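Enquirer: Provided herewith is a single structure, encoded as structure tokens, for subsequent inquiry.
The values are calculated or read from the model by the stated rules, or taken from the named source; none is laboratory data. Since the structure is predicted, the reported quantities are computational estimates derived from the model, not experimental observations. Every residue, glycine among them, receives a Cβ derived from its backbone with ideal geometry; neighbour counts consider all protein chains shown.
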Amino acid sequence: MIFVPVYLVFVPILAAMIIFLFQKPKMAYLALVAQGVVTVLAVWYFLTFRDDYSQTFFTFGGWNNLIGIGFRNDAISISFLFLSIFIWWMVLIYTFNAKKDTRNFLFFLLFLEGVFFGLIQTNDLFNMFVFIELTTILVSILVAYEKAGDSFRAAIYYLLLNTAGVLAFLLGIILLYYSFGNININQITTMIASSDLSETTTVRFAYVLLMSGIAVKSAMFPLFTWLPRAHAVAKSGVSALLSGIVVKGGLYLFIRISLMFAAAPYDTSMFFFAIGATTAIVGVMFAMTQKDIKQILAYHTVSQIGIMMMGLSSTDSLTFSGGLLHLYNHALFKSLLFLGAGIIVNVYKTKNIKYIRGVFRAMPLLSILMIVGMLSISGSPLFNGFISKSVIKYGLTDAQYWLLQIVNLGTATSFLKMSQIFFGPRTLSYPLVRKREYLPVALLAVACLTMGVLHVPIADFVLDVDLAKFKPISLQYVFEYGLMLGAGFLLYKYVIDKDYKPVQWIRNFRISFETANYMFLLYFTVMIGVFVVYPML
Amino acid sequence: MDGATMIEWTAYALQGILILLAIAIVLHKNNGTIIILIASFSLVTASLYIINNAPDVAIAEIAIGSAIIPLIYVISISRQREFIVLDRAMDEFIFIGDELAGIGYVLLHRLAEYYHLELNITNDPGLCSLDEAMDRMLCEKTNVDLIVAKDEETGKYVFKGKRSSTLMKKLQQMTQPFDNIEVILFKDSEFGG
Amino acid sequence: MNPLLTFIVVLIGFYGLATSKNIIKSVFSVTIIESGIILLFLNLGNFEGGGIPIVGESLTNIVDPLPQALMITTIVIGSTVTALALMLSIKVFHHYGTVEWAEVLGRKDGE
Amino acid sequence: MVKQALLLVLLGGIFAVFYLVTEDLSELYNNFGKTYFQLNGLLETGSRNLVTAIYLDYRLFDSFFEAGILLVAVAGIIWISKHDLNEKNAQFMLDRYKTPDLFITFSRIVYPMMLVFGFYVIINGHLSPGGGFQGGAIVATAILILYYIDHDRETNIKQIVTIEKLVFFLIVLVASLSLLTRGEFFTNFMPLDSSVASKAIYLVILNILIGFKVALGLWTIFTAFLREGR
């Protein structure tokens, strides 16, 4: 029973290899079987251990837990586990095709799943590094999978920038190993609490190295430049996966490392709130000006990561769980939007929203589902985005509250801009859409609504927090949301739609690779200044 | 001077060399020279691993870092100095007899000179016998940079290449004075589905 | 042996990443950073009078074997990343006719 | 110019902080791991080479994914370099680089020696420096020399990749045998109190498998590159 995490990691990986070895298209069904097995195992595991997560720890080979590699689970990792299983189901159904030869694709997809489960559950820093690097390689292969010029350049940009970040992470691990004598996360957590090691320059420097490596992986400002490139050019199924869950791997690491240093006297919440707010505002600014439907969604991932950071950076447990909740909700509605956008792009053969018109007349069901996603992301009452945003808002000061409102305004504006694809006359006579592709989109929409209405029991069950004071809908909320939409419409009509010079400039603004690395060093130095040099003075 | 101090001084000397090599790799302009530098860089690091009492790591570094990785570098850099042309016109445009002397050749040669590339012209019958409609796929999926074909109806020579390539833009400029040459550029196919 | 000198190599690698105008140059820089980090890890664990981590008949004071095991992993990881990046760079060259970052990234999407 | 000067200042700042770190570290240095391995390494795992003891026993889980990275990268590189055209038709590049005769003669002598050395390193991984990963890389280099001797060498990549994946299965299988004998995942299948010599059986088997896997993986990688070069 305790070894279930091992099976969770190896079932998808071995299934992936069997699919790759037997060169029959029908073998693709094995992917669904493996996914089913993983789901059953995860549910069983959860039901067994949900009362006491401290029993989940085990070490491979039964060695001393400071020497071997250990796995452990807690409420956060289990919820991540279920979220990723759900998203992988959706992407698998969406891309599944037993007739065509999708062997290679399924191989990479399932391997990534196994590796991601490992990343979530590992309790060893170096093992974590191996998994991060493996994720990086797999994602860059998946991005390059289409073999077009765009995807190649996005893949190499992603691969090299993230490798630089991951190497900084490795350097941090080295320093921690020499100061603590082991790289077991649980052990380091207790050692930090019980000794004054965390006050030393070495451990502070190691913290900065780990965090700056993670900043690249989780696309924080100013290191988000790889994300819109990679997420916008991949296949839609892959984009949904990347934006939905894989980029959250970076935030998961952020949570893990923050918890590891929880006892250390570092003043992190101010700094990371500032980073989160900047990420959110910059991301939404880029999103408002884009014309490519997938670029818009990709930049929104950046801005939503900023909002999550606003919540996660807080020391207050309610605001923190707000950030966590927003992370789960974002996974749901962003996957929904990317999958829906994929269907639209497939039908209209263009990604430019200027040329997509009349979607509502051509595909009414899909349009309704997409609108559910848009309402969720822009924080409409009754939908899941609203709940998590209000939980985050609850713990903010006035100034911080207004920053969040600015981001919300930008989100509303850009989705008003995107919603014009629904209007207009029907331009396509008979769109060819596979019915199977609707299923995951519809399921995700249902999940969005469920999370919006039943947030109280779900949050209580998974994260053990009480959200009873946050109502899904009231007259005041609807009024506020309407006001927001109105302001967004004005902003769109009189600024964005006029296509002024600055708007064009922001749209075409791209950061080159060496500048991205320069920013990485800059970010790193600023972090050294804040966390190492400033406390010394 | 006893053994221990000698090893210490060797280590310092090697570290100095390592820093110099690293600076040279970062600042040098010619990628071909850098390959030799990177191979020696990994040899020096391997010796330093041994001095640091890590023979296992040194063996791994020598086997991987100074044999396989430089080879991969050599191949990929030599690939990036090439301009691969597939000649399907099969007349005196490029080859006159067995010699490369046709007007098309002169033109392409000038282009390759401009970008310091090596011109690699082939008229492999296996590829040339492929259907004309395959040209687009040839350009997209293989490493062929340019296809030279002849339009039977108009008698014009057609250059086919990728629209994304910088080289094609230059070629378009260069062929403007010629009436009998037409340039067709393929756009990358739409994707995202 | 001095860890500071090794750290300079890592910094040179980062300098290369932040100034390289060309894809191949960036891959070279990543290789340098990685070798530097490996050397640094071994360097910090080494001490005077240490022996190689093999238990023989006579008891010597060995150096820490764990960093070495980890660094073998890192070497393999690094070489695969390099190989993948170089294969991608070949493909990028044939699509854009150049491996200069500015020109490759400057193109509009879909062109 | 200003940009580069600022960059140098940044790097100088990082270096200065690292200087403080090294000052710190000599006092902090925690040698818990080192002491543990020196005292228990040989008895617990049966390997004289403690590095092998770590990556084949204490941290075997890491080694799976180390091999896994190679496997994924191989599949990715093949996928990226592969095109839908018939492979035979695509061999149009001229073979312009002729290897000098001296080099060929030299390679013929060196090749078997490298192969033997590679196998030695793999099999003796638990006694002397070396092991599966290093030996596998040496064997791969030896195979690489073959390509210099024989230019037109054709390799069936598909077959190699299939074998590589099967070997990965075998590695996982052999490592999981311990579940039956010891009730633990991924360790030696011999009981904990058996002699050092009998524990070595497992180490040799796993070293050979890993060496095989790494050699095949690297072989595929450079074959893919060589094919790209044709």
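Enquirer: Filter region A:19-36 down to the residues that are within 20 Å of D:Ser176 (Cβ to Cβ) and either out of contact with any Leu (no Cβ under 9 Å at 6 or more places or on another chain) or modelled with pLDDT of 90 or more (or both) and list them by number.
Expert: The one that is within 20 Å of D:Ser176 (Cβ to Cβ) and either out of contact with any Leu (no Cβ under 9 Å at 6 or more places or on another chain) or modelled with pLDDT of 90 or more (or both): A:Ala34.
Enquirer: Cβ-Cβ distance below 7 Å, separation of 6 or more or different chains: which pairs start in region B:99-122 with a residue that is under 15 Å from B:Lys170 (Cβ atoms) and end on one that is modelled with pLDDT of 75 or more and of a type in the set (Lys, Arg)?
Expert: Correct list of pairs: B:Leu111/B:Lys170; B:Tyr114/B:Lys170; B:Leu117/B:Arg81.
Enquirer: Any idea which residue in region A:113-126 is surrounded by the fewest Cβ atoms within 10 Å (Cβ to Cβ), counting only those that are within 9 Å of chain D (Cβ to nearest Cβ) and hydrophobic (A, V, I, L, M, F, W, C)?
Expert: Filtering region A:113-126 for residues that are within 9 Å of chain D (Cβ to nearest Cβ) and hydrophobic (A, V, I, L, M, F, W, C), the one surrounded by the fewest Cβ atoms within 10 Å (Cβ to Cβ) comes out as A:Phe126.
Enquirer: I've got another one for you. Confirm whether C:Leu70 is at the interface with another protein chain (Cβ under 7 Å from one of its Cβ atoms) and farther than 30 Å from D:Gly46 by Cβ.
Expert: no
Enquirer: While we're looking at this one, here's another question. Give me the pairs, please: first residue somewhere in region B:33-46 and within 18 Å of C:Ile8 (Cβ to Cβ), second residue anywhere and of a type in the set (D, E, K, R) and crowded, with 22+ Cβ neighbours inside 10 Å, beta-carbon distance under 8 Å, and either six or more positions apart or on two chains.
Expert: Partner pairs satisfying both residue conditions: B:Ser42/B:Glu61; B:Thr45/B:Glu61.
Enquirer: Next up: Enumerate the pairs (first residue in region D:189-210 and more than 17 Å from B:Asp56 (Cβ to Cβ); second residue anywhere and acidic (Asp, Glu)) with beta-carbon separation below 8 Å, excluding pairs fewer than 6 apart on the same chain, so at least 6 apart or on different chains.
Expert: D:Leu192/D:Glu44
Enquirer: What number of residues within region A:437-454 satisfy the criterion of being more than 30 Å from A:Lys235 (Cβ to Cβ) and under 20 Å from the mean Cα position of the chain (by Cα)?
Expert: Selection size over region A:437-454: 0.
Enquirer: Between a first residue in region A:522-537 that is within 15 Å of D:Val21 (Cα to Cα) and a second residue that is part of a helix (DSSP H, G or I) and among the basic types (Lys, Arg), which pairs have beta carbons less than 8 Å apart while being 6 or more apart in sequence or on different chains?
Expert: A:Phe531/A:Arg204; A:Val532/A:Arg204; A:Pro535/A:Arg204
Enquirer: Identify the residue in region A:1-11 that is more than 9 Å from chain D (Cβ to nearest Cβ) and farther than 13 Å from D:Val172 by Cβ and, among all such residues, is surrounded by the fewest Cβ atoms within 10 Å (Cβ to Cβ).
Expert: A:Met1
Enquirer: From the list A:Asp499, A:Asp464, A:Asp460, which one is acidic (Asp, Glu), without any contact (Cβ under 8 Å) to a residue 60 or more places away in the chain and closer than 30 Å to A:Asn73 by Cβ?
Expert: A:Asp460
Enquirer: Just give me the residues in region D:14-35 being in contact with a helix residue (DSSP H, G or I) (Cβ under 6 Å, 6 or more places away or on another chain) and of a type in the set (A, V, I, L, M), in sequence order.
Expert: D:Val17, D:Leu20, D:Val21, D:Leu25, D:Leu28
Enquirer: Next up: Exactly one condition in (1) modelled with pLDDT of 85 or more; (2) of a type in the set (Lys, Arg); (3) buried (at least 19 other Cβ atoms within 10 Å of the Cβ) is not met by D:Lys3; state its number.
Expert: (3)
Enquirer: Scan region B:13-43 residue by residue and report those that are farther than 30 Å from C:Ile52 by Cβ, at pLDDT 90 or above and away from chain D (no Cβ under 13 Å).
Expert: Matches in region B:13-43: B:Ala24 only.
Enquirer: Quick one: which helices (runs of 4 or more DSSP H) lie wholly within region A:298-384 and hold at least 3 residues that are free of Cβ contacts under 8 Å to residues at least 60 places away in the same chain and surrounded by fewer than 24 Cβ atoms within 10 Å (Cβ to Cβ)?
Expert: A:364-377
Enquirer: On the basis of being within 14 Å of A:Leu242 (Cβ to Cβ) and modelled with pLDDT under 95, does A:Phe126 make the cut?
Expert: So A:Phe126 fails the test.
Enquirer: Here is a further query. So which residues in region A:455-476 are small (Gly, Ala, Ser) and either within 29 Å of A:Ser367 (Cα to Cα) or under 24 Å from the mean Cα position of the chain (by Cα) (or both), if there are any at all?
Expert: A:Ala459, A:Ser474
Enquirer: Which fully enclosed helices (runs of 4 or more DSSP H) of region D:1-88 have 1 or more residues being within 9 Å of chain A (Cβ to nearest Cβ)?
Expert: Per the criteria, D:2-28, D:32-45, D:60-81.
Enquirer: Follow-up question, since we're still on this one. Condition first: at pLDDT below 90, touching a strand residue (DSSP E or B) at 6+ places or on another chain (Cβ under 9 Å) and either at positive phi or in a helix (DSSP H, G or I) (or both). Can you find one or more residues in region D:126-133 that meet it?
Expert: Yes, the conditions are met somewhere in region D:126-133.
Enquirer: Based on what the data block shows, is B:Ala46 closer than 30 Å to D:Gly217 by Cα, within 9 Å of chain D (Cβ to nearest Cβ) and modelled with pLDDT of 75 or more?
Expert: no
Enquirer: Still on this structure, I have one more. Go through D:Lys199, D:Lys158 for me and flag whichever is within 14 Å of chain A (Cβ to nearest Cβ), buried (at least 19 other Cβ atoms within 10 Å of the Cβ) and part of a helix (DSSP H, G or I).
Expert: D:Lys199
Enquirer: Would you mind stating whether A:Leu134 is more than 30 Å from D:Trp79 (Cβ to Cβ) and either within 7 Å of another protein chain (Cβ to nearest Cβ) or of a type in the set (S, T, N, Q) (or both)?
Expert: Criteria not met by A:Leu134.
Enquirer: Considering only residues that are aliphatic (A, V, I, L, M) and either facing another protein chain (nearest Cβ under 7 Å) or surrounded by fewer than 24 Cβ atoms within 10 Å (Cβ to Cβ) (or both), which ones fall in region C:1-26?
Expert: C:Met1, C:Leu4, C:Leu5, C:Ile8, C:Val9, C:Leu11, C:Ile12, C:Leu17, C:Ala18, C:Ile23, C:Ile24
Enquirer: For region B:121-153, which positions are buried (at least 19 other Cβ atoms within 10 Å of the Cβ), facing chain D (nearest Cβ under 9 Å) and either part of a strand (DSSP E or B) or at pLDDT below 65 (or both)?
Expert: Across region B:121-153, the qualifying residue is only B:Leu127.
Enquirer: All but one of (1) within 30 Å of D:Lys34 (Cβ to Cβ); (2) modelled with pLDDT of 90 or more; (3) polar (S, T, N, Q) hold for A:Thr39; state the number of the condition that does not hold.
Expert: If we test A:Thr39 against (1) within 30 Å of D:Lys34 (Cβ to Cβ); (2) modelled with pLDDT of 90 or more; (3) polar (S, T, N, Q), just (1) comes out false.
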